[in-house]
Amino acid sequence: METYEPFNVGEPDKKEEGAGLIEKLEKKLYSRTDEIKHKGRTKLNPKKFGSIEDWEDGGDMSYKKKEKPPHLSGYVKFFIFSFAFFLVAVIIAGYSFFSKRTVVSPDNVNVSLFGPVSLKGGEELALQVMIENKNEVPLNRVDIVIDFPKGARYSNNPGKEIGRFLKTIPSVGAKETRTETIKAVFMGEENQRKDMAIDVKFRIEGLGPSYTKNKTFSINLTSSPLSIKAEILKEAIAGQDVTLEINVKSLSLALVKNPLLQISYPKGFIFKSASPAPTSGDDFWSIGDMNFGEEKQFIVRGTIMGENEQEKVFIISAGIPNKDVTVIDTMLTSFSQGLTVKKPFLGISLFLNGSAEPEYILQGVGNVDVSARWVNNLASRIIDGQITISLSGDMIDLKKITPKGNGYYDASKGTVFWDSKTTAPLASIEAGGENTTGLTLTPLPFLKPDGTVFKNPEISVGVSVKGKRISEADVPEEITSFVSSKIKIGTYPTVRPTILFHVGPFVNSGPVPFRVEKETTVTVNWKVYNSVNDISGARVTAVLPSYTRWTGNVSPNGADITYNPVSGEVSWNIGTVKAGTGYETDPNEIAFQVGVTPGLSQLDQIPTFVSRGYFTGKDEFTRSSIKQTILSSQSYTSGDEDFMRDWLVVEE
């Protein structure tokens, strides 16, 4: 019987190191001496292992433990990360560089502006707009839009304002740079800044939307295209005549097209005359076209009034007019000069109906009280005083001049005279002494006997005072003072309203007389008359009560009349009403139809179907506002012979 030597499975025999794994297991299985130890089951590892293909004799049954990778230091890791980042950056940059030529974008369109930052007024600006297209495709329809400021004018037409400028370029090719030169002449005051907004709009071929590049460009005007020099007294006695000599010169290389000259007079200056005569009113002149170096002169004469040591400032301006050539739209230059009023030795003040203003506006008709107040401003007395009030004007009624006191009225000269013989206070005027005299005048009616009216009427009132003072040499020295003012006659418009039923432009219906709760339609007719001065912005307004219906029938067709159903207001916009309208020419007239449904509360009464209204406008001669009241329809007269006033009374 064969015997087997046991072996320790935990420590393999050195002799058997070369034996195969199967033989070792077999020996252990059949050994009688080797004790088999039971071990608990090992928890299975879910990791899958590949099968062992080669079984080598004497091999080790245990799997080899995986070796850990060698440990990397922080410096090595940082170097590897930096190299990887650099490599990625190089790849991205290369991609961007080599693919940039194929990207189409509005960002590849650049707009640049080139031009001077300062100019002389009237000098030409040449603004270069450079459009650079870096795309591989062209730009289609490129619009250059420039909003020029006031005072910018076309180089080839200096009389025309530019405003908004548009230049269209059909296309800008791929990789092309296009430069456009825009020219303009700038007018403005010295040191004025002019700002321009420039928009370049374009489409990129192959892309749908349009794109806009916005730019701004500014210039400063180093000088004005016009210069003003004026010679004015620095001091004047109150009541003294003064003269303004004004010289306007062109400094512009470009033509200055028909500028305006305007003088803002101080309060207390009374305009008398000017050479050349003003274009409008007494303060506007159209200078006419001015070439480089051309000079024009204007002379203005007037009287200055004021208190002692009071400064009066004249402001003289020149600029480009608006479309109506009535006001300065773009200021080119301005000049101011002060004049100090000195107290005269023998002072005189003039009051018209209590007003000391150099211009007094008499609205409509009425008397004017003229008061002359004199005062001795010397430290010594004045003897042999004389006062003369002179009157002139088309509307003076020479038969209605009434002097105060013992004044002598000379109708042939239009003067009233007082002296020391007729007026005792004038014989000797003590230092600081003062007194008053005057007269009352009444203007003529505005309507002349021939049926025409006075136009822009005014009455001039002048007061002169003189006397003698005794000098240190005991020699009488004559001293004088003068003051003047104007009475401007305001226009007097009237609205004559009538009611029509059987006649007129509309067919009216309903019961006559009016019946309670029954509608009757009538025609309201307004006629506007105007006396002596033109009226601008004329308008007639009235209100219809709740029981009056606006039918919408208006005559003539196309008249500018509106009705507001919420407020019930009827508004007739007339516009300009010439002087003499209704007297020399037909009146302004309008007719409209309303339906009146009286209530029981109007029984036995005359209903109001047009409430009180107003005529408003502006007197173009006196520059004053006008507001005349139009009475309610209860006071309207009938323009219909068959339609008597009795029909207005409401019956059941």
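Go through the stretch 245-292 and give me each residue that's of a type in the set (F, W, Y) and over 13 Å from P225 (Cβ atoms). Of everything in the stretch 245-292, those that are of a type in the set (F, W, Y) and over 13 Å from P225 (Cβ atoms) turn out to be Y265, F269, F271, F284, W285. When the residues of the stretch 597-631 are filtered to those that are touching a Ser or Thr at 6+ places or on another chain (Cβ under 8 Å) and free of Cβ contacts under 8 Å to residues at least 24 places away in the same chain, the one that is surrounded by the most Cβ atoms within 10 Å (Cβ to Cβ) is S625.
Quick one: in the stretch 326-337, of everything that is at pLDDT 85 or above and touching a Phe, Trp or Tyr at 6+ places or on another chain (Cβ under 8 Å), which residue is farthest from L251 (Cα to Cα)? That would be Q337. Taking the stretch 420-434 as the range and being surrounded by fewer than 17 Cβ atoms within 10 Å (Cβ to Cβ) and assigned to a strand (DSSP E or B) as the test, the residues that pass are S428, E434. Criterion first (among the β-branched types (V, I, T), free of Cβ contacts under 8 Å to residues at least 60 places away in the same chain, closer than 30 Å to E161 by Cβ and in a strand (DSSP E or B)) does I246 satisfy it? So I246 fails the test. Would you confirm, using the coordinates I've provided, whether I131 is within 29 Å of the chain's Cα centre (by Cα) and either surrounded by 14 or more Cβ atoms within 10 Å (Cβ to Cβ) or closer than 22 Å to F292 by Cβ (or both)? No; evaluated as a whole, the condition is false for this residue. At least 1 residues being over 30 Å from L260 (Cα atoms) and either in the same structural domain as F298 (by TED's automatic domain parsing) or touching a Lys or Arg at 6+ places or on another chain (Cβ under 8 Å) (or both) is the threshold, and among the strands (runs of 3 or more DSSP E) wholly inside the stretch 126-233 those reaching it are 139-147, 164-172, 177-186, 193-204, 210-223. If you go through the stretch 360-388 and keep only what is touching a Phe, Trp or Tyr at 6+ places or on another chain (Cβ under 6 Å) and in a strand (DSSP E or B), you end up with S371, I387, T388. When V200, V248 are checked against the criterion of being buried (at least 17 other Cβ atoms within 10 Å of the Cβ), more than 18 Å from F148 (Cα to Cα) and at pLDDT 90 or above, V248 stands alone in meeting it. Any residue at all in the stretch 257-264 that is of a type outside the set (S, T, Y), surrounded by fewer than 20 Cβ atoms within 10 Å (Cβ to Cβ) and not in a loop (DSSP other than H, G, I, E, B)? The answer is no, given that none of the residues of the stretch 257-264 is of a type outside the set (S, T, Y), surrounded by fewer than 20 Cβ atoms within 10 Å (Cβ to Cβ) and not in a loop (DSSP other than H, G, I, E, B).
Number of residues in the stretch 209-259 that are within 26 Å of the chain's Cα centre (by Cα) and either closer than 30 Å to N133 by Cα or among the small types (G, A, S) (or both) equals 8.
Out of all the residues in the stretch 513-527, is one or more within 17 Å of G617 (Cβ to Cβ) and either in a strand (DSSP E or B) or touching a His at 6+ places or on another chain (Cβ under 7 Å) (or both)? Yes, the stretch 513-527 contains at least one residue that is within 17 Å of G617 (Cβ to Cβ) and either in a strand (DSSP E or B) or touching a His at 6+ places or on another chain (Cβ under 7 Å) (or both).
Checking P457, P505, P445, P476 one by one, the residue that is assigned by TED's automatic domain parsing to the domain that holds I383, of a type outside the set (A, V, I, L, M) and surrounded by 15 or more Cβ atoms within 10 Å (Cβ to Cβ) is P457 and no other.
Sub-6 Å Cβ pairs linking a first residue in the stretch 295-317 that is under 18 Å from I237 (Cβ atoms) to a second residue that is basic (K, R) and modelled with pLDDT under 90, at least 6 apart or interchain, are R301/K272; G302/K272; N308/K343, ordered by first then second residue. The selection criterion, being in a strand (DSSP E or B) and within 16 Å of S632 (Cα to Cα), does not hold for V554.
Per the listing T330, T340, the residue uniquely part of a strand (DSSP E or B), closer than 25 Å to T279 by Cβ, among the β-branched types (V, I, T) and out of contact with any helix residue (DSSP H, G or I) (no Cβ under 9 Å at 6 or more places or on another chain) is T330.
The values are calculated or read from the model by the stated rules, or taken from the named source; none is laboratory data. This is a predicted model, so every value here is computed, not measured. Using ideal geometry, Cβ is built from the backbone for each residue, glycine included, and neighbour counts are taken over all protein chains shown.
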